[in-house]
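Input: a single structure, listed below in structure tokens.
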Amino acid sequence: MYLTAIIDVYSRYIVGWCLSNSFEAKYSLNVLKEAIAVHGKPEIINSDQGSQFTCEGWINYLEKENVKISMDGKGRATDNIYIERFWRSLKYDYVYLSPAEDGIELYKGLKEYFHYYNNELSHQGINRQIPATLYKPAA
């Protein structure tokens, strides 16, 4: 299973996510489009250099929306430390503790975890605040 998530750096709020059973770029692009439709356009979007983020569809969509594109340098996970820290939390706080039997169970558990992460969990990096209290959708 493949998970794509988009995080608001300021608040650490996860604005969009998708679980799929293939690594096709269309799933990541759909998460991006939905996040923008629901939460508004960011000034900049940062990603790693994975094929789903360097494909023509991703690049063309962001250019059409006038969103600046930023990509991590090769081998530089710290360039995108906020989402990397989220992946670590997700793995250690949920995935490793509650192995799913199938994709449906994993999806349901992830949905609960994302709600918890955004709306209940205080974060050290934002002075022990909850992401939802800091998050302000783009205008």
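Please find, among 56, 63, the residue that is in contact with a strand residue (DSSP E or B) (Cβ under 9 Å, 6 or more places away or on another chain), charged (D, E, K, R) and surrounded by fewer than 20 Cβ atoms within 10 Å (Cβ to Cβ).
It is 63.
Which one is farthest from residue 79 (Cα to Cα) among residues in segment 20-62 that are within 13 Å of the chain's Cα centre (by Cα) and in a strand (DSSP E or B)?
So the residue we want is 45.
Look at segment 122-139 and say how many of its residues are assigned to a helix (DSSP H, G or I) and surrounded by 14 or more Cβ atoms within 10 Å (Cβ to Cβ).
Residues that pass the stated criteria total 4.
Residue 9: modelled with pLDDT of 95 or more and under 13 Å from the mean Cα position of the chain (by Cα), yes or no?
no
For residue 41, state whether it is surrounded by 13 or more Cβ atoms within 10 Å (Cβ to Cβ), at pLDDT below 95 and either under 18 Å from residue 28 (Cβ atoms) or basic (Lys, Arg) (or both).
Details: surrounded by 13 or more Cβ atoms within 10 Å (Cβ to Cβ): yes; at pLDDT below 95: yes; either under 18 Å from residue 28 (Cβ atoms) or basic (Lys, Arg) (or both): yes.
For residue 41, the condition - surrounded by 13 or more Cβ atoms within 10 Å (Cβ to Cβ), at pLDDT below 95 and either under 18 Å from residue 28 (Cβ atoms) or basic (Lys, Arg) (or both) - is met.
Restricting to segment 1-10, name every residue that is of a type outside the set (Val, Ile, Thr) and surrounded by fewer than 20 Cβ atoms within 10 Å (Cβ to Cβ).
The answer is 1, 2, 3, 10.
Take the residues of segment 78-112 that are among the small types (Gly, Ala, Ser) and without any contact (Cβ under 8 Å) to a residue 24 or more places away in the chain: which is nearest to residue 1 (Cα to Cα)?
100
Output the residue which, of all residues in segment 104-121 that are touching a strand residue (DSSP E or B) at 6+ places or on another chain (Cβ under 7 Å) and farther than 21 Å from residue 134 by Cβ, is surrounded by the fewest Cβ atoms within 10 Å (Cβ to Cβ).
107
If only one of 74, 26 is surrounded by 12 or more Cβ atoms within 10 Å (Cβ to Cβ) and either in contact with a Lys or Arg (Cβ under 8 Å, 6 or more places away or on another chain) or over 21 Å from residue 131 (Cα atoms) (or both), which one is it?
Of the residues listed, the single one that is surrounded by 12 or more Cβ atoms within 10 Å (Cβ to Cβ) and either in contact with a Lys or Arg (Cβ under 8 Å, 6 or more places away or on another chain) or over 21 Å from residue 131 (Cα atoms) (or both) is 26.
For residues that are part of a helix (DSSP H, G or I) and among the acidic types (Asp, Glu), scanning just segment 64-114, find the one that is nearest to the chain's Cα centre (by Cα).
Top of the filtered list is 84.
The values are calculated or read from the model by the stated rules, or taken from the named source; none is laboratory data. Values in this document were obtained by computation on a predicted structure and should not be read as measured data. Note that each Cβ is placed from the backbone with ideal geometry, even for glycine, and that neighbours are counted across all protein chains shown.
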